[in-house]
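Report on the structure given below.
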Amino acid sequence: METEQKKNNNSFLLQGMILAAAGIITRLIGIAYRIPVNNILGDEGQGFYGCAFSIYNIALLLTSYSLPLAVSKLVSARVSKKEYKNAMRILKGALIFAIVVGAAVGILIFVCSDYIAEEVMSLRLSAYALRVLAPGLFIVAVMGVMRGFFQGMGTMIPTALSQIVEQIVNAVVSIIGASYLLEMGKKVAEAKTDSSLPYAYGAAGGTLGTVSGALIGLIFLLVVMALFYPTLKRRVERDRMGHPEGYGEIYPVLLMTIAPVILSTAIYNISETLDQGIFSNIMAMQGHTEKETASLLGMFTGKYNTLINIPLAVANSLGAALIPSLTATAMTGTKKQIHTKINMVIRFVMMIAIPCATGFLVLAEPILDLLYNGNTEIPARMLQFGAVTVIFYCLSTVTNAILQGLNKMTTPVKHGAISLVVHLVGLYLMLVVFRWEIYAVVAGNIIFSLSMCILNARALKKAVRYKQEIRRTFLIPLFASAIMGVVTFGAYLLMGLALPKAAATILALLVAVLVYGVCLLKFGALTSDEIVSLPKGATIYKMLVKLHLLDEEY
């Protein structure tokens, strides 16, 4: 029995690691292609691009964000009882739901794009990009069902590979599309005498990648399904289920599973959309032009947010990988095992988030100069001011996943709603009373993420009596990051005397990784047992012993 449980846990871990690895790879590809797209579009074009995506993300919530998780949970419940006919009914029912809702919302966004762009977001020219994105809502909804089905069947590989394929196509088409349509927009602008039109066209070209990538990802999954179908058909034919589920039973369960996920995800996404809408409208009321507003939003979404999302990608991926494993532990394990798993994932996320925040604090401008053209002074101040949000957002993201894994599905929703209200009040005051302009949006993010951390910590303590370990989770990474920050900044200044700025920045970042890693090991952040338990851990452990970074214990 113990061997079987260990086998199941290893399977959970393996599948979770596959999905987490794919999530990190796709995020990194996404961040990498956003850099050239940002440089092509400039801050104004990036403002139109980011505005359209904020609306698109809200529409995705209604059509597809929750579908992979909902379908996977429902399918896996049937497959565990060998009810393959019912699993296929879940697939068919979810596909009908995705097709109807995805098509309806896509058409609505396409038809109302001008109204949304001008009246809601106060960025009229973002309508071009929004119209291009609209068909993607239908495609992504169907793709979400297919991914959820494969995950429910117990394999993350189709989802992982489709994510990587989708993002590669997205990257290539986005760069080509942004460049080509920007040039086309310049010719149109000459006739219409509108200097902002090329950037609106360029933003629309950049969004072509999103739709193209989703289409190729869906085609990839359909090919996998065609290859898998003979095996699935044999399983369905052998199924002697006692109770065939009707669609009248399936849809209420599907909707009840989707609803909490939609609400919890919506809070995070609607916060960004509301920020941009409030910011645009208040800036217009204060006499700022659409060009100025679009440029500031472009710096925020294209430069600041892109870098902040790098460590957040790790937290998101680890959270997604943790949910099924933690759910299994909560059902069959002891409270000590639950605490150990929670502590492990929070500690790992903090070991990444804290040094990233420190790096942004000490090297904000050199990093931005290395990656982007144009104005980097304002984004650098944003990054230094908002560096702490890396820690708060990573912690709140992973604690959301922990609560969902413990079947506290509505708790993150309540906390998000409370945090959103506090955040919006603070944002309004900082924009209207203090006139902090774009820095008010950064400060609002700090308020929101900190509030989520506090509320989630209280909920975890109440749910499983979890008490957060402080020394190895926070203090050691903080101390190691402080040493790293001082050494890195000094190394950057010294190398800058003899090397070009770009070379000095890259070498300083390498020094940062090396110094932080050595400090973590020397201060005891990771034990020998934890290192050995990692993939290829025994090899890593032997290498660290040879380098005298660990004492030999085995």
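Below are the figures for this structure:
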item: Residue match in the stretch 469-480 (condition: in contact with a helix residue (DSSP H, G or I) (Cβ under 8 Å, 6 or more places away or on another chain), in contact (Cβ under 8 Å) with a residue 12 or more places away in the chain and over 29 Å from G524 (Cβ atoms)); result: no
item: Test for Q163: is it in contact with a Pro (Cβ under 9 Å, 6 or more places away or on another chain), under 27 Å from A59 (Cα atoms) and not hydrophobic (A, V, I, L, M, F, W, C); result: no
item: Long-range neighbours under 6 Å by Cβ, at least six apart or interchain, first residue assigned to a helix (DSSP H, G or I) within the stretch 72-86, second of a type in the set (F, W, Y); result: V75/F149
item: Answer from I40, I35, I18 - the residue that is at pLDDT below 80, in a helix (DSSP H, G or I) and of a type in the set (A, V, I, L, M, F, W, C); result: I18
item: Filter pass, V188 being out of contact with any Ser or Thr (no Cβ under 8 Å at 6 or more places or on another chain), in contact (Cβ under 8 Å) with a residue 24 or more places away in the chain and assigned to a helix (DSSP H, G or I); result: no
item: Residues satisfying the stated conditions in the stretch 218-234, i.e. of a type in the set (V, I, T) and in contact (Cβ under 8 Å) with a residue 60 or more places away in the chain; result: V224
item: Out of T332, T289, T273, sole residue that is open to solvent by 10 Å² or more (accessible area, probe 1.4 Å) and modelled with pLDDT under 70; result: T332
item: Sole residue being among the small types (G, A, S), assigned to a helix (DSSP H, G or I), open to solvent by less than 70 Å² (accessible area, probe 1.4 Å) and farther than 24 Å from A313 by Cα, chosen from A200, A160, A214; result: A200
item: From the options L91, L61, L74, L67, residue that is in contact with a helix residue (DSSP H, G or I) (Cβ under 7 Å, 6 or more places away or on another chain) and under 19 Å from R238 (Cα atoms); result: L91
item: Helices (runs of 4 or more DSSP H) fully within the stretch 365-472 counting 3 or more residues that are more than 20 Å from M299 (Cβ to Cβ) and open to solvent by less than 50 Å² (accessible area, probe 1.4 Å); result: 388-405, 411-432, 438-464
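Rundown of residues vs (1) open to solvent by 40 Å² or more (accessible area, probe 1.4 Å); (2) more than 11 Å from A59 (Cβ to Cβ); (3) without any contact (Cβ under 8 Å) to a residue 60 or more places away in the chain; (4) not hydrophobic (A, V, I, L, M, F, W, C), yes/no style:
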residue: A98; (1), (2), (3), (4): no, yes, yes, no
residue: A103; (1), (2), (3), (4): no, yes, yes, no
residue: V120; (1), (2), (3), (4): yes, yes, no, no
residue: Y128; (1), (2), (3), (4): yes, yes, no, yes
residue: P135; (1), (2), (3), (4): yes, yes, no, yes
residue: M143; (1), (2), (3), (4): no, yes, no, no
residue: F149; (1), (2), (3), (4): no, yes, no, no
residue: M156; (1), (2), (3), (4): no, yes, no, no
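The values are calculated or read from the model by the stated rules, or taken from the named source; none is laboratory data. Please read all numbers here as calculations on a predicted model, not as lab measurements. Glycine gets a Cβ as well: all are built from the backbone with ideal geometry, and neighbour counts include every protein chain shown. We work out accessible area using only protein heavy atoms, side chains counted, and drop any ligands, DNA or RNA first. Shrake-Rupley method; radii C 1.70, N 1.55, O 1.52, S 1.80 Å.
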